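Please read the structure below before turning to the comments.
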């Protein structure tokens, strides 16, 4: 036979170790991994010159915007940013305009995305107004459901414990997954209101409003419901010491919990927030050093399941409102996540095995992406090629994302994604997007299409 492509003279992370090998790719799949002498003939051959091949990264927390928020980001620019950052699969959050929370809104979002995307894209749904619609939304392709506890977003009344219990019973019965933004709405509203009454409009006020207690209170409320329903819960962007401890206690009790942290919660502190300003404003916010140490401890001990970017692009003027309460929250992270993590590998804070586990293997397991997450014969040829020695300075003005700003702008990093392959097709080559819009694939629950 003649394969489509052979990647020769590579190093690759295969079966938990880095090996010298070549990889043959055919019809979007990894056909063979082995010595170059064992490779089949191929239509094309690329000498990787000992660069490292990783399983394509899976970012389980991304806001691609588009539709009514296309001025912030659209499917093409967002997935170009993913490819530039070495990410081959992204899962898109539902707080869009319109909110993704029905078969109709999900179907329309998929229709628009198909023509524009450059990497694999799966979609979350918010909860619908009628809980008997959960199953049909899942059948339409939603990879998971999202529960935003800080304010009312979808059709589920987040102030009603009985409604939450009913929804989670349905989720459990259908063997679905709920990703949760855990900040307690009532506690958050009370703190904000009290601070605004005293005309507080500063970084410290924001940190006080989004306190550790606000995160932990939401988590503990949900865990009581999980105890009754055994619904699978994934806690997004854990940011506090006691938040992580609460999750660990739940895991030890046998509850079906997983969790994520973001690079910005690992690498930025409250002091950075105070110095960088609102470009670093996220929800939940970056924290004091004790929380950062706790999160790193969770990463190193395997308590944290995945790292995700929480890529949240906004127009620059939206990040510079006069009042901190009016600033749009979130930072663009697709193009910085992997370089920042590789820098930590070079510093000795992480290993390549850690990075693969946190950004490929575990996300594939949690979100049931069976053909992804590892380099293996027969699996999808979603590959990230990195140069571990490459040093450069993050320059947000050169982002593929429409959000050309970052709290990491100007940071020196070592380690860079240099090629991104999606289903065997080269999407990014040395920082340049070389594929056409529409080259990516839609990920539906359990399979790609």
Problem set entry | Tally of residues being assigned to a strand (DSSP E or B), in contact (Cβ under 8 Å) with a residue 24 or more places away in the chain and more than 20 Å from the chain's Cα centre (by Cα) across segment 426-441 | 1
Problem set entry | Single residue of segment 351-372 satisfying the filter (without any contact (Cβ under 8 Å) to a residue 60 or more places away in the chain and under 15 Å from residue 18 (Cα atoms)) that is surrounded by the most Cβ atoms within 10 Å (Cβ to Cβ) | 357
Problem set entry | Pairs where the first residue, in segment 129-158, is part of a loop (DSSP other than H, G, I, E, B) and the second is loosely packed, with under 14 Cβ neighbours inside 10 Å, C-beta under 7 Å, 6+ apart | 155/129; 158/152
For this session: Answer yes if at least one residue in segment 288-301 is part of a strand (DSSP E or B) and touching a strand residue (DSSP E or B) at 6+ places or on another chain (Cβ under 9 Å), and no otherwise.
Result: no
Problem set entry | Given (1) outside any helix (DSSP H, G or I); (2) over 22 Å from residue 24 (Cα atoms), number of the condition residue 387 does not satisfy | (2)
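The numbers here are math on the coordinates, done by the rules we state, and not lab data. Please read all numbers here as calculations on a predicted model, not as lab measurements. Reconstructed Cβ throughout: ideal geometry from the backbone, glycine too, with neighbour counts over all protein chains shown.
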